[in-house]
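Colleague: Below: one structure in structure tokens.
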Amino acid sequence: AAGAGLVRAEGRCAITAAAGANDTVFPAGKTSVREGKNAAYAITPGDGYKIADVLVDGVSVGAVSEYTFENVQKAHTIEAVFAWNNPFEDAAETHWFYGDVEYACLNKLFEGTSPTTFAPRAAMTRGMLVTVLYRMEGSPAVTGANPFDDVESGKYYENAVIWAAKNGIVGGYSAAAFGPEDNITREQLATILYNYAKYKGCDVSVGEDTNILSYNDVAQISEYALPAMQWACGAGLIQGSDGNLMPKDSAQRCQVAAILHRFCVNE
């Protein structure tokens, strides 16, 4: 709370600075300033952020990058408020997926398709999704041979696919084919994320008690994907649209961002 913990000693005043975890107000924390002196502060946003506002003694002074207390005579507070520095022309705050794209980018799950576009409605490929999960694990070193003939050596997703296959997170269309360039369907997405959740040791038992028969297109779900779709619906990861789960539809980048956001927050 503004003003909390302020301390004044004889001839000196305390100025307390606060910022977010990845941002800085310098000098940070509590600084003792001699009465009558000036105290200058620099505000610096972290990577991917911008200054949204600066509050001095709880009052906005605007999105300034520096502020100076002049002729200090009492205790003060300075607090910087930061926001995502959204570079994308096709992801506005009015879009339902805005917060999900923000989360995906700030947590480096995946990036835009260009410096100014996210392509939220574009389909995500199987190779892309596995790469995202691999990044979420910190891109661990991989050992062993690539089991799929269609995963070429040197491709950006090669290590991710090897890692995911070795840990039972993905299987291929066959023993030799993974289809890394194919668009991933919503039921494939649910299945891979279900396997990833089990790999992480997450409790997936909610799927055992989830009834998805109320969805209009439940009969279109492949048999192998039923446990995963029940889990994804029960866990609130997949919500469907107009009473449909659309299991065979390609998963859009914005949908994947939303599902992964929900998964990471609730993990």
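For every residue, the table says whether it meets (1) under 22 Å from LYS50 (Cβ atoms); (2) more than 15 Å from the chain's Cα centre (by Cα); (3) not in a loop (DSSP other than H, G, I, E, B).
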{"residue": "ALA104", "(1), (2), (3)": "yes, no, yes"}
{"residue": "LYS108", "(1), (2), (3)": "yes, no, no"}
{"residue": "GLY112", "(1), (2), (3)": "yes, no, no"}
{"residue": "PRO147", "(1), (2), (3)": "no, yes, no"}
{"residue": "ILE162", "(1), (2), (3)": "no, yes, yes"}
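Colleague: Would you mind stating whether VAL142 is in contact with a helix residue (DSSP H, G or I) (Cβ under 6 Å, 6 or more places away or on another chain), part of a loop (DSSP other than H, G, I, E, B) and among the β-branched types (Val, Ile, Thr)?
Modeller: Answer is yes for this residue.
Colleague: Also, I was wondering about something else. Can you say whether ALA232 is open to solvent by less than 60 Å² (accessible area, probe 1.4 Å), in contact with a Lys or Arg (Cβ under 6 Å, 6 or more places away or on another chain) and hydrophobic (A, V, I, L, M, F, W, C), as far as the supplied structure shows? Lay out the reasoning, then the answer.
Modeller: On the way: open to solvent by less than 60 Å² (accessible area, probe 1.4 Å): yes; in contact with a Lys or Arg (Cβ under 6 Å, 6 or more places away or on another chain): no; hydrophobic (A, V, I, L, M, F, W, C): yes.
Considered against the rule, which asks whether it is open to solvent by less than 60 Å² (accessible area, probe 1.4 Å), in contact with a Lys or Arg (Cβ under 6 Å, 6 or more places away or on another chain) and hydrophobic (A, V, I, L, M, F, W, C), ALA232 comes out as no.
Colleague: Kindly indicate which of PHE97, PHE110 is out of contact with any Phe, Trp or Tyr (no Cβ under 6 Å at 6 or more places or on another chain), modelled with pLDDT under 95, crowded, with 18+ Cβ neighbours inside 10 Å and over 23 Å from ARG12 (Cβ atoms).
Modeller: PHE110
Colleague: Of all residues in the range 224-248, count the ones that are of a type in the set (D, E, K, R) and modelled with pLDDT of 95 or more. Quick ask: steps written out before the conclusion?
Modeller: Just the residues of the range 224-248 that are of a type in the set (D, E, K, R), to begin with: 242, 248.
Filter again for modelled with pLDDT of 95 or more, leaving 248.
The number of residues fulfilling the criteria is 1.
Colleague: Consider the range 192-234. How many of its residues are among the polar types (S, T, N, Q), more than 16 Å from GLU267 (Cα to Cα) and in contact (Cβ under 8 Å) with a residue 24 or more places away in the chain?
Modeller: First, the residues of the range 192-234 that are among the polar types (S, T, N, Q): 195, 205, 210-211, 214, 216, 220, 222, 230.
From what is left, the residues that are more than 16 Å from GLU267 (Cα to Cα) are 210-211, 214, 216, 220, 222, 230.
Still in the running and in contact (Cβ under 8 Å) with a residue 24 or more places away in the chain: 210, 214, 216, 220, 222.
Summing the residues that are among the polar types (S, T, N, Q), more than 16 Å from GLU267 (Cα to Cα) and in contact (Cβ under 8 Å) with a residue 24 or more places away in the chain in the range 192-234 gives 5.
Colleague: Consider ARG34 against the criteria (1) over 30 Å from ASN266 (Cα atoms); (2) touching a Lys or Arg at 6+ places or on another chain (Cβ under 6 Å); (3) surrounded by 14 or more Cβ atoms within 10 Å (Cβ to Cβ): it satisfies all of them except one. Which criterion is unmet?
Modeller: Single failed check for ARG34: (3).
Colleague: Among the residues of the range 129-164, write down those that are open to solvent by 30 Å² or more (accessible area, probe 1.4 Å), within 18 Å of TYR196 (Cβ to Cβ) and either among the aromatic types (Phe, Trp, Tyr) or modelled with pLDDT of 95 or more (or both).
Modeller: ASN159
Colleague: Test each condition in (1) under 27 Å from GLU102 (Cβ atoms); (2) modelled with pLDDT under 95; (3) open to solvent by less than 30 Å² (accessible area, probe 1.4 Å) for ALA28 and report the one that comes out false.
Modeller: ALA28 satisfies all of (1) under 27 Å from GLU102 (Cβ atoms); (2) modelled with pLDDT under 95; (3) open to solvent by less than 30 Å² (accessible area, probe 1.4 Å) except (3).
Colleague: Scan the range 12-19 and give yes if some residue there is at pLDDT below 95 and either under 29 Å from LYS108 (Cα atoms) or part of a loop (DSSP other than H, G, I, E, B) (or both), otherwise no.
Modeller: Checking the range 12-19: at least one residue is at pLDDT below 95 and either under 29 Å from LYS108 (Cα atoms) or part of a loop (DSSP other than H, G, I, E, B) (or both).
Colleague: Also, quick follow-up: Please report, ordered by residue number, the strands (runs of 3 or more DSSP E) entirely within the range 21-100 with at least 3 residues that are touching a residue at least 24 places away in the same chain (Cβ under 8 Å).
Modeller: 29-34, 39-44, 49-56, 66-69, 76-84
The values are calculated or read from the model by the stated rules, or taken from the named source; none is laboratory data. Because the structure is a prediction, the values reported are computed rather than measured. Ideal geometry is used to build each Cβ from the backbone, glycine not excepted, and the neighbour counts take in all protein chains shown. Heavy atoms of the whole protein, side chains included, go into the accessibility calculation; ligands, DNA and RNA do not. Shrake-Rupley method; radii C 1.70, N 1.55, O 1.52, S 1.80 Å.
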